[in-house]
Amino acid sequence: MKSRIRRLYCFMALAGTLSAPLADAAEDRSWVERSDRHTAMVFETLGAFYPEWMSHLGLERFDPGVMDLKPGRGKRLDAALAASVKRLAAAKQSENDPRVREDL
């Protein structure tokens, strides 16, 4: 009987020890949402020029789109990407969380 109680105690201690990091990780996930918003901005920029690619990645809102092949596409793409990089750089400057900064 003593052996069973000891095993149960050891199992409970081990389970508590292993689940403690999971509880901490589940508490603050707001940084993931902020990082996801920045990623969504990049997808929106790319989706305007490559909707088939975004659709292939699983972003259904781009399903009806077709690739932009109008004249001046290269210049428009460069301008959109430069604006996106500028917004991401500004976001990185103002971001305090190192996990989000790493994603930026």
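Read-outs throughout are calculated quantities, based only on the coordinates presented, and are distinct from any laboratory measurement. Because the structure is predicted, anything quoted here is derived from the model rather than measured. For neighbour counting, all protein chains shown are included, and Cβ atoms are generated from backbone atoms with ideal geometry for every residue, glycine included.
How charged is the neighbourhood of D68? Take every other residue with its Cβ under 14 Å from the Cβ of D68, and add Lys/Arg as +1 and Asp/Glu as -1.
For residues surrounding D68, the net value is +1.
State, in angstrom, two size descriptors of the stretch 29-103 derived from its alpha carbons: Rg to one decimal place and Dmax to the nearest whole number.
14.1, 43
Nothing charged except the Cβ atoms of Lys and Arg (+1) and of Asp and Glu (-1): what's the magnitude of the dipole of the stretch 29-103 about its Cα centre? Round to the nearest 20 debye.
Roughly 340 debye, rounded to the nearest 20.
Just to confirm a number: summing +1 for Lys and Arg and -1 for Asp and Glu over residues other than A89 whose beta-carbon lies under 12 angstrom from that of A89, what do you get?
+3
Which aspartates and glutamates have a Cα less than 17 Å from the Cα of K92, not counting those fewer than 8 places away in the same chain?
Qualifying aspartates and glutamates at Cα under 17 Å: E33, D36, E102, D103.
Work out from phi, with θ = phi - 60° and the Karplus expression 6.51 cos²θ - 1.76 cosθ + 1.60, the ³J(HN,Hα) of each residue of the stretch 47-56, listed in order in whole Hz, and give x for Gly and Pro.
Whole-Hz 3J(HN,Hα) from phi for the stretch 47-56: x, 5, 10, 10, x, 5, 5, 5, 5, 4.
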